[in-house]
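The values are calculated or read from the model by the stated rules, or taken from the named source; none is laboratory data. Because the structure is predicted, anything quoted here is derived from the model rather than measured. No Cβ is skipped: glycine too gets one built from the backbone with ideal geometry, and neighbour counts run over all protein chains shown.
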């Protein structure tokens, strides 16, 4: 099921199950996973995009192997907050994926996640070649960590 708000997604998540975060690009999908306590996101892999059925199969294999309880897709809003063609593509991907899994699927505003990932890799003195290999799943880690931080904040007593 697709959830439009992080609050709705958080309410639908099973306890003690990790989340998977996705940074959907035109050529690749960056993948990150969380721990079961939903505290820490770790970049995992970059999947080279082929066609939807192959992309979905690769993602669902990771979901099964890691007993994932929900998905966060980075929603690439424009800087003014509006949604353009890339958001429509992400929403279509989520709709198609929701036909293949019962996992709750939510979105997280990914504005500047790739910029943050690039900056972190530069600060770590990562070579240009290595940055190009890991940027997508590092960006997925930033997306997932943002969502985890929000979920964690919602769960804390006031």
Query raised in the report: Which residue out of 60, 38, 19 is surrounded by 15 or more Cβ atoms within 10 Å (Cβ to Cβ) and touching a helix residue (DSSP H, G or I) at 6+ places or on another chain (Cβ under 6 Å)?
Result: 38
Requested in this report: Give me the pairs, please: first residue somewhere in the stretch 38-50 and free of Cβ contacts under 8 Å to residues at least 24 places away in the same chain, second residue anywhere and outside any strand (DSSP E or B), beta-carbon distance under 6 Å, and either six or more positions apart or on two chains.
Outcome: 47/58
**Report entry** Residue in the stretch 102-110 that is without any contact (Cβ under 8 Å) to a residue 40 or more places away in the chain, surrounded by fewer than 18 Cβ atoms within 10 Å (Cβ to Cβ) and within 15 Å of residue 138 (Cα to Cα) present
**Finding:** no
Requested in this report: Scan (1) touching a residue at least 40 places away in the same chain (Cβ under 8 Å); (2) in contact with a helix residue (DSSP H, G or I) (Cβ under 8 Å, 6 or more places away or on another chain); (3) closer than 23 Å to residue 5 by Cβ for the single condition residue 95 breaks and write down its number.
Outcome: (2)
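For every residue, the table says whether it meets (1) in contact with a strand residue (DSSP E or B) (Cβ under 7 Å, 6 or more places away or on another chain); (2) more than 16 Å from residue 47 (Cα to Cα); (3) assigned to a helix (DSSP H, G or I); (4) at pLDDT 95 or above.
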residue: 80; (1), (2), (3), (4): no, yes, no, no
residue: 91; (1), (2), (3), (4): no, yes, yes, yes
residue: 130; (1), (2), (3), (4): no, no, yes, no
residue: 139; (1), (2), (3), (4): yes, no, yes, no
residue: 145; (1), (2), (3), (4): yes, yes, yes, no
